[in-house]
Structure formats: structure tokens, C-alpha cells
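Colleague: Dumping the structure here so I can ask a few things about it.
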Amino acid sequence: MKKTSKDSEKNEFVKNRNAIDFIQSERLGFYLSRIFFTGMVISLCFIIAGLIIALINGRSYDKYLMKQGVFYFSDFFIGIREFSPKSYLYFAIIILVLTPFSSVIFCIFYFLKKRQYKLMISAIGVLLILAISMLTGFFKN
Amino acid sequence: MILLYLILTGIIAGFLGSIVGIGGGIIIVPVLSLFFKIPIQNAIGASLVAVMATSISASRLFLRKNTVNISLGLKLEIFTTAGAIAGGILLSYMKTEILFGLFGALTFLLAYFTLRKNLFSKKNQIKNKQFQIVANNIEKNERSYAYYYDGALKKNIGYNIVKLPIGFTTSFFAGIMSGLLGVGGGFIKVPTMNLLMNVPIKVATATSNFMIGITAVASAVIYLSRGLIDPFIAMPVVLGVLAGGTLGSFTAYKVRNKAIVIILVFLFILFGINMILKSFGINLY
């Protein structure tokens, strides 16, 4: 009987911890929505700019298709300076990729500040796996 | 002209997707590969970017309303992202015919899920009634782990998450689907969270949406580094999907849902037959 009551106390404790975890992450939603909105707007600006540049270049849009090959970061920055539509559109993709990525980084710092170490470890786990995917990509490149 | 067609594809995918609650990926890949004759790997790459953009756009609103369970999302996301990397790597070793076959099978599966979710959703209704009962109890003893504010019911709905290991396993498979076929995998995650893990449907949808964006990042980076994302194909589609998704969310309550579901299921079956035939080397057009 004593053991059961101890177990239920332990369960209550676990439940309360989960409830605290949840409440702590509530405010985070607001900050993440800001990050998502900013990323979305910047990316959309670059998509529209890239498509406009591609259209005013006078070249038929069909000519751009399927001529990309492997993406190299070194070509990318030169292209932005030279108003290359390809670079502008790639930049939009990179912003889209970086938006959820930065939201995970933000989560880590948020949970660190709130001392929610269990949730911080979850976010670090996601970040590590994302980093592995990036490294896999770079090594292949 | 092709630019307009690509944007139009995105608009239709985004519009239909937002009305019946699926991502646009399942429409984008067959249309790009069957009608535009774009290699399926590049079509999947374009779909991934579109799925990512849709997820970012939709979860922005869900996050603001606190419908997303971030702590649950992050826990499940570890397994989904690992699955996405596995799927992305697997793609390099997979023959085009097998990819067509797999995608064909997936469209049939999704036709079934779309029908079940939109036309035969009695089980979900029962589940939602249970949540309302839980909500009433919560006001008395506050033993719930998490809650969200339901605008329709005008009160906080509480829920207790159970069977987390099942969520981990299905999340991993949803990740593989995302990496391999360029779809969000919400049709696996949402029913799992709702029916098996006790998460209310609104929270399950919002959390799955939040997760899809992060999962797509893992696969998109691999696709990007292998030259499988053509920005001139992907970005007009993204533009269209965002416009179509917004249009769909405004008109979702005004259009006859049943008719759209039937059209979409018919399209899925048509795509499925085409893609499976293509996997055997038979081209219908």
C-alpha cells in the first residue's frame, strides 16, 4: 500500500514537471512565429526579385530550367552582386532553410534561459541531426 | 509560359491542399514529373521546398495561437529528422522506376486517408467529445499536462499525452517518407498523435505542421547539395503554393468540402495509376 502511494506521488511529480515544461514553452510560440514571419517575408522578396530579374533579362524562362548542376556557395555571392536570378532564387531557398534552423537554435537559448534542461536537450538533439544533414551534404559536394 | 504553368500548379496544389488538410507535395510531384516531364528527383526537390514554405507559413499562425505543442514537437522531431536524412541518402541509391512505384503506392494510401479523414471521420468526432470531457475535468482538478485554447468552444482544452514511443517510431517513418518522396508526412503523424497519443486533432495538425518545416530542412540540404533542387522550377511553385494556400484558408468554409474531396481522391487514383504504370515503363501520354 505504501509503495503504491509512493508511486502515485512520483507520477504526480512527473506530471507536474511535464505541465511546467509545457507552460514554459507557451511564450516561445510567440517568438517563433516572429522568426517564421521574418524568414517568410525575406524569402518571398528574394523569390519575386529573382523571377522579375529572370523575366526582364529577355531570355526565355524555359532556357533557365534544368541547367543548374550542383550548387556551390562560392558562385552564389558573386551572383547576388551581378543580379543573377539563379543566385536570388537560391538565396530565397537558403532563407527558407535557415528559418526553421534558426528557430531550433532560438529554442535552445530560450530553454537554457528558462532552465528547462530536458527540453533544451531535445532541441540540441534536433540541431545535431540537422547539422549532420548539412555535413552529409557538404561532404557529398 | 512555363513560368505561369508552374505558378498555377502551385496555386492548385496549395488551394486543394489547404481545403482538405494535406500538404501540396502529393500533387506537385506527379504533376511536375508526369505533365512537365521533369525528372522525378527534381520534382521531389521542388516539392520539398514548397512543403517547407507551406509549413513555415501555416505554423506561424498556429504558433501565435499557441496551438503547437513545442515540447512534444521537438521530442518527436529528433526521430523525424533522423528519418529524413536516411530517406535523403536512400534516394541516391534508388532507381527512378522504384521511386515512381513508391510514389504511386503513396498516392493510393493518401486517397484512402483523405476519404477517411474528410468523409468518414466518426472516430475523430468521438475522440473530440472525449477531449471536451477531459476539459471539463481539468477545470476541476487541473491534472492535465498540456492545454490549448479552442476558439470554437471558447475554452481551454486539456490533454494528456500517452504512448510517446509509438510517436517516435512513426515519426521516424514519416521522416523517411519526407526525405525519399518529398512529402510532409502529416498524414502519418496527425492520425498517430490524435488516435494513439491522445493529442487533440487541432494540436496534432499544428504540431505536425511545425515539425514538417524542420524535417524538410534536413532533406532539402541533401537535395540542394546534390543539385536536385532547381530554383527556377521550385520557386514559382513555392509562390503558387503560398498564394493557393492563403486563398484556400479563406474559402475553406465557403466551398463544398465533399465535392473537392471526391475530385482530389479521383486525382490521386489517376496519379497513382500513372506512376505505377510508369514504374513498369508504360507511358500513357
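Colleague: Can you confirm whether B:A135 is modelled with pLDDT of 75 or more and either assigned to a helix (DSSP H, G or I) or charged (D, E, K, R) (or both)?
Modeller: No; evaluated as a whole, the condition is false for this residue.
Colleague: Same structure, new question: Residue check: is B:V51 modelled with pLDDT of 85 or more, of a type outside the set (S, T, N, Q), within 21 Å of A:L127 (Cβ to Cβ) and crowded, with 21+ Cβ neighbours inside 10 Å?
Modeller: For B:V51, the condition - modelled with pLDDT of 85 or more, of a type outside the set (S, T, N, Q), within 21 Å of A:L127 (Cβ to Cβ) and crowded, with 21+ Cβ neighbours inside 10 Å - is met.
Colleague: Considering only residues that are within 7 Å of chain A (Cβ to nearest Cβ) and either of a type in the set (F, W, Y) or more than 22 Å from B:L242 (Cβ to Cβ) (or both), which ones fall in the range B:39-68?
Modeller: Matches in the range B:39-68: B:N66 only.
Colleague: Kindly indicate which of B:L74, B:L32 is more than 18 Å from A:L44 (Cβ to Cβ), part of a helix (DSSP H, G or I) and in contact with a Cys (Cβ under 8 Å, 6 or more places away or on another chain).
Modeller: B:L74
Colleague: Check B:I38 against each of (1) surrounded by fewer than 24 Cβ atoms within 10 Å (Cβ to Cβ); (2) touching a Ser or Thr at 6+ places or on another chain (Cβ under 9 Å); (3) in contact (Cβ under 8 Å) with a residue 60 or more places away in the chain and name the one condition it does not meet.
Modeller: Among (1) surrounded by fewer than 24 Cβ atoms within 10 Å (Cβ to Cβ); (2) touching a Ser or Thr at 6+ places or on another chain (Cβ under 9 Å); (3) in contact (Cβ under 8 Å) with a residue 60 or more places away in the chain, the lone unmet condition for B:I38 is (2).
Colleague: Does the range A:22-41 include one or more residues that are aromatic (F, W, Y), in a helix (DSSP H, G or I) and modelled with pLDDT under 85?
Modeller: yes
Colleague: Sticking with this one: Being within 10 Å of another protein chain (Cβ to nearest Cβ), over 17 Å from the mean Cα position of the chain (by Cα) and either surrounded by fewer than 14 Cβ atoms within 10 Å (Cβ to Cβ) or among the aromatic types (F, W, Y) (or both) is the filter here, so list the residues in the range A:82-110 that pass it.
Modeller: Matches in the range A:82-110: A:Y88 only.
Colleague: If we keep just the residues of the range A:121-141 that are more than 9 Å from chain B (Cβ to nearest Cβ) and modelled with pLDDT of 90 or more, which is farthest from B:L164 (Cα to Cα)?
Modeller: Across the range A:121-141, the extreme among qualifying residues is A:L127.
Colleague: Search the range A:118-137 for residues that are in contact (Cβ under 8 Å) with a residue 40 or more places away in the chain and pair each with any residue that is surrounded by 15 or more Cβ atoms within 10 Å (Cβ to Cβ) when their beta-carbon atoms are under 6 Å apart and the residues are at least 6 apart or on different chains.
Modeller: As it stands, the answer is A:L119/A:D21; A:L119/A:F111; A:L119/B:S71, since those pairs meet every condition given.
Here's the yes/no breakdown for (1) modelled with pLDDT under 80; (2) touching a strand residue (DSSP E or B) at 6+ places or on another chain (Cβ under 7 Å); (3) surrounded by 24 or more Cβ atoms within 10 Å (Cβ to Cβ):
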{"position": "B:A152", "(1), (2), (3)": "yes, no, no"}
{"position": "B:P165", "(1), (2), (3)": "no, no, no"}
{"position": "B:I176", "(1), (2), (3)": "no, no, no"}
{"position": "B:I201", "(1), (2), (3)": "yes, no, no"}
{"position": "B:I212", "(1), (2), (3)": "no, no, yes"}
{"position": "B:I222", "(1), (2), (3)": "no, no, yes"}
{"position": "B:I229", "(1), (2), (3)": "no, no, yes"}
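Colleague: Same structure, new question: The conditions are (1) buried (at least 24 other Cβ atoms within 10 Å of the Cβ); (2) within 14 Å of chain A (Cβ to nearest Cβ); (3) modelled with pLDDT of 80 or more, and B:M197 fails exactly one of them. Which is it?
Modeller: (1)
The values are calculated or read from the model by the stated rules, or taken from the named source; none is laboratory data. In this text the structure is predicted, and so the values were computed from the model without any measurement. Using ideal geometry, Cβ is built from the backbone for each residue, glycine included, and neighbour counts are taken over all protein chains shown.
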